[in-house]
Amino acid sequence: FFHGFDAEEDLVGHLASMSTNERIKAIQKMPETMRKKREIRKKVLKEIKKSSTQHSCCTQCLQGAAVSFRRFGNTLSEYFHQLWVWHKTLKIIGAEFGTSVLSYFVFLKWLLNFNIFSFLINFSFITIPQFLAAEPNNLSFTGLELFTGAGYLQQTVLYYGFYTNATISKMENGPSYNMQLAYIFTVGIYFVICFLILLFSMAKSFSRNFNPQAFSVNASKLLCTWDFNITNEKAVNLKQKNLRTQIKEGLAEVNKEVLNFSAMERVFRIAVHLFAWVASLGTAAAACTGVYFLSINNLQLFMKGHRNDLESQTAMLVLPVVVSLLNTLIPFLFSWLGHVERFQTPGHHIYVTITRNIILKMSIVGILCYYWLNIVAGSESQCWETLVGQDIYRLVLVDFIFCLLGSFFGEFLRRIIGTTVCKSLGRPEFDIGRNVLDLIYAQTLTWIGIPFSPLLPGVQMIAFFIVFFVKKVSLMRNCQPPCKVWRTAQMMTSFIFLLFCPSFLGVLSVIGVTVWRLQPSEGCGPFRGLSSMYAAVTEWIQILESYTVSKWVVWIYHNLITNELFFFILSSFVLIVTYLYWQIIQGRKTMTELLRKQINN
């Protein structure tokens with residue numbers, strides 16, 4: 001093929017017509033010597049230069065502009081990549097403290113991006129149209145409303161009760177905007193997107209972190225990891241620390257010791273574990289009981305006072321303060337119980353602590369949801385949705401304040417005591433389980449509050465941004481790296497699973513009850529006067545039935561959305577596909593084991 005002058009000319013012409021990347025790959029794949037490949041590349045470049053001189057001046061200008069624009073885009077992308085605040089921070093944390101602590105900050109960054117997306121969706125399709133129909137707010141602003149969520153903020157776009165139920169139209173006979181449909185469709189589509197994002201994130205993280213080869217420590221980690229493009233001295237030192245930490249984690253996984261206990265020691269350990277679980281569950285039950293009775297008294301206090309009186313609503317800060325105190329102090333008890341139990345691995349300790357914390361926090365959230373949907377919704381309040389939104393706003397804000405205080409008292413003061421008063425304690429380790437559950441609890445409150453306070457993700461977005469840097473500074477100055485180095489390949493997957501299973505699925509049940517079962521307030525909000533929020537969709541479908549153009553929408557609604565058989569078939573199909581993929585995974589695992597045995601042989 002390559003012999004003969006004509007054949008070589010044809011080859012050069014063919015390569016010259018390719019794009020740069022395709023041409024490079026084609027030359028690399030040729031079964032020729034390096035000298036021959038260089039000769040062909042020179043001839044191709046000459047051919048390209050020769051043909052480019054024949055182009056018109058206009059074409060050359062366009063090509064030059066395109067190249068300049070591409071270079072400018074690449075430069076701008078690199079500049080923004082350097083400006084992205086946590087890019088370098090995550091590298092430093094991973095090098096200094098290992099992947100276990102790094103997984104918390106990666107999860108926090110992931111939740112921050114999640115709330116930015118949520119805020120943009122709600123602000124674009126719900127809040128901006130409401131600005132066009134908003135009435136002026138005549139209430140005075142004192143600053144205390146930022147903590148109570150009442151007073152001036154009650155008559156703003158922050159809460160459900162401020163939104164209109166009218167169709168917004170700025171021009172006569174012009175396009176209109178139905179706020180009822182915009183509100184329910186925006187919230188509904190957002191939760192569908194959240195469901196898909198969580199599902200795909202779990203699948204992606206599972207496939208990446210549960211790979212059997214991820215646990216193997218071999219020479220490739222030592223010989224093939226270094227990036228020879230690094231020339232900066234600080235970057236070299238950081239890369240060395242990161243690689244050293246990864247090798248330690250891998251060796252700790254391989255050299256994991258299995259302790260053998262006597263019969264008496266096993267009985268003693270089982271008794272200690274049983275005592276710890278009884279104490280944990282009893283504490284969680286007592287906390288939930290206290291929150292329930294306090295919430296009842298809290299509603300009675302509000303109903304007796306003046307509903308718009310700022311002082312009476314300030315007294316409602318008692319509930320979020322007590323809830324945040326319980327969520328802050330009881331996890332320290334759980335951590336202490338974990339140390340008493342003396343687990344063999346740090347991972348086992350963290351997972352048990354996370355399980356106890358999630359039982360506590362989700363139980364408290366369940367009690368609060370029962371209080372909001374059954375007691376507050378059935379009260380004599382003129383706008384119970386705004387009242388629920390205010391409660392959730394206060395819970396989110398006070399939880400954020402207690403999170404900052406937890407970093408001060410739980411880490412800063414602990415470092416002072418451990419380095420000056422009682423030096424045997426030393427610096428504290430970063431409590432991954434407690435901090436992760438704080439994030440999941442805060443995100444759960446945000447999801448529950450979206451129908452009652454559409455801009456709540458914006459508040460949580462600011463809170464997470466501040467928490468990221470406060471926790472980073474506290475970690476660097478107050479904490480020490482884990483005493484036992486260990487590998488946490490599945491940690492991020494576990495975090496997303498906990499966010500999905502108890503948290504998000506529970507939120508969907510709360511949203512379902514709110515949309516389908518509860519009657520909206522008569523005097524406020526976009527759904528005033530309807531039997532339920534979902535009734536707005538039913539009325540819209542009845543209107544569309546009279547239009548021939550919209551028959552397809554009505555058909556989809558009756559035959560797919562409201563048809564139980566469709567969802568049964570869809571669920572069956574998903575289960576079948578899941579089973580097939582599971583069998584494929586099992587087959588690949590078997591093949592991997594066989595290949596490993598062949599390599600060993």
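The values are calculated or read from the model by the stated rules, or taken from the named source; none is laboratory data. Quick caveat: nothing in here was measured; it's all calculated off a predicted structure. Please note: Cβ atoms are built from the backbone with ideal geometry, for glycine as well, and neighbour counts cover all protein chains shown. Just the protein is used for accessible areas: all its heavy atoms, side chains included, with ligands, DNA and RNA removed. Shrake-Rupley method; radii C 1.70, N 1.55, O 1.52, S 1.80 Å.
Quick check on my filter: what residues within region 265-295 are closer than 30 Å to Arg394 by Cα and over 32 Å from the mean Cα position of the chain (by Cα)? Scanning region 265-295 gives a single hit, Phe293.
Against the numbered list (1) modelled with pLDDT of 90 or more; (2) under 24 Å from the mean Cα position of the chain (by Cα), Arg356 comes up short only at (1).
Do the conditions hold for Tyr104, that is, is it assigned by the TED database to the domain that holds Phe504, open to solvent by less than 10 Å² (accessible area, probe 1.4 Å), farther than 22 Å from Pro520 by Cβ and at pLDDT 85 or above? Can you show your working first?
On the way: assigned by the TED database to the domain that holds Phe504: yes; open to solvent by less than 10 Å² (accessible area, probe 1.4 Å): yes; farther than 22 Å from Pro520 by Cβ: yes; at pLDDT 85 or above: yes.
Yes.
Just the residues that are out of contact with any helix residue (DSSP H, G or I) (no Cβ under 8 Å at 6 or more places or on another chain), farther than 16 Å from Ala203 by Cβ and not β-branched (Val, Ile, Thr), please, taken from region 563-582. Scanning region 563-582 gives Asn563, Glu564, Leu565, Phe567, Phe568, Leu570, Ser571, Ser572, Phe573. Tell me, yes or no, whether region 494-517 has at least one residue that is over 21 Å from Phe200 (Cβ atoms), hydroxyl-bearing (Ser, Thr, Tyr), in the same structural domain as Thr345 (by the TED database) and in contact with a helix residue (DSSP H, G or I) (Cβ under 8 Å, 6 or more places away or on another chain). Looking through region 494-517, at least one residue is over 21 Å from Phe200 (Cβ atoms), hydroxyl-bearing (Ser, Thr, Tyr), in the same structural domain as Thr345 (by the TED database) and in contact with a helix residue (DSSP H, G or I) (Cβ under 8 Å, 6 or more places away or on another chain). Look at (1) in contact with a helix residue (DSSP H, G or I) (Cβ under 6 Å, 6 or more places away or on another chain); (2) open to solvent by less than 60 Å² (accessible area, probe 1.4 Å) and you find that Leu139 fails only one, number (2). Among residues of region 1-21 that are modelled with pLDDT of 65 or more, those with a Cβ under 9 angstrom from a residue that is surrounded by 10 or more Cβ atoms within 10 Å (Cβ to Cβ) and polar (S, T, N, Q), sequence gap 6+ or separate chain, pair up as Ala16/Ser51. Being more than 29 Å from the chain's Cα centre (by Cα) and either over 30 Å from Lys471 (Cα atoms) or without any contact (Cβ under 8 Å) to a residue 60 or more places away in the chain (or both) is the requirement here; does Asn113 meet it? No. Looking only at region 386-404, decide whether some residue is part of a helix (DSSP H, G or I), open to solvent by 20 Å² or more (accessible area, probe 1.4 Å), free of Cβ contacts under 8 Å to residues at least 60 places away in the same chain and farther than 21 Å from Asp431 by Cβ. Scanning region 386-404, I find no residue that is part of a helix (DSSP H, G or I), open to solvent by 20 Å² or more (accessible area, probe 1.4 Å), free of Cβ contacts under 8 Å to residues at least 60 places away in the same chain and farther than 21 Å from Asp431 by Cβ, so the answer is no. For region 293-317, how many residues are modelled with pLDDT of 85 or more and surrounded by fewer than 17 Cβ atoms within 10 Å (Cβ to Cβ)? Looking only at that region, the number is 2. Would you point out the residue of region 503-523, among those that are open to solvent by less than 10 Å² (accessible area, probe 1.4 Å) and not small (Gly, Ala, Ser), that is farthest from Phe191 (Cα to Cα)? Checked region 503-523; the qualifying residue farthest from Phe191 (Cα to Cα) is Pro520.
Only one of the numbered conditions (1) over 23 Å from Tyr534 (Cα atoms); (2) modelled with pLDDT of 85 or more is not met by Thr548, and that is (2). One residue stands out among those in region 128-142 that are at pLDDT 80 or above and out of contact with any Phe, Trp or Tyr (no Cβ under 9 Å at 6 or more places or on another chain): the one that is nearest to Tyr183 (Cα to Cα), which is Ile128. Restricted to region 90-101, and to residues that are crowded, with 18+ Cβ neighbours inside 10 Å and either hydroxyl-bearing (Ser, Thr, Tyr) or within 19 Å of the chain's Cα centre (by Cα) (or both), which residue is farthest from Ile432 (Cα to Cα)? Ranking the qualifying residues of region 90-101, first place goes to Thr99. Does region 187-202 contain at least one residue that is out of contact with any helix residue (DSSP H, G or I) (no Cβ under 8 Å at 6 or more places or on another chain), surrounded by 11 or more Cβ atoms within 10 Å (Cβ to Cβ) and modelled with pLDDT under 85? No, region 187-202 contains no residue that is out of contact with any helix residue (DSSP H, G or I) (no Cβ under 8 Å at 6 or more places or on another chain), surrounded by 11 or more Cβ atoms within 10 Å (Cβ to Cβ) and modelled with pLDDT under 85. Scanning region 553-601 for residues that are among the charged types (D, E, K, R) and either farther than 22 Å from Trp540 by Cα or surrounded by 10 or more Cβ atoms within 10 Å (Cβ to Cβ) (or both) gives Arg588, Lys589, Glu593, Arg596, Lys597. The listed residues are Arg434, Arg477, Arg415, Arg427, and the only one of them that is surrounded by fewer than 21 Cβ atoms within 10 Å (Cβ to Cβ) and touching a Pro at 6+ places or on another chain (Cβ under 8 Å) turns out to be Arg415. For the residues Thr148, Thr156, the requirement of being under 26 Å from Lys471 (Cα atoms), in the same structural domain as Pro451 (by the TED database) and β-branched (Val, Ile, Thr) singles out Thr148.
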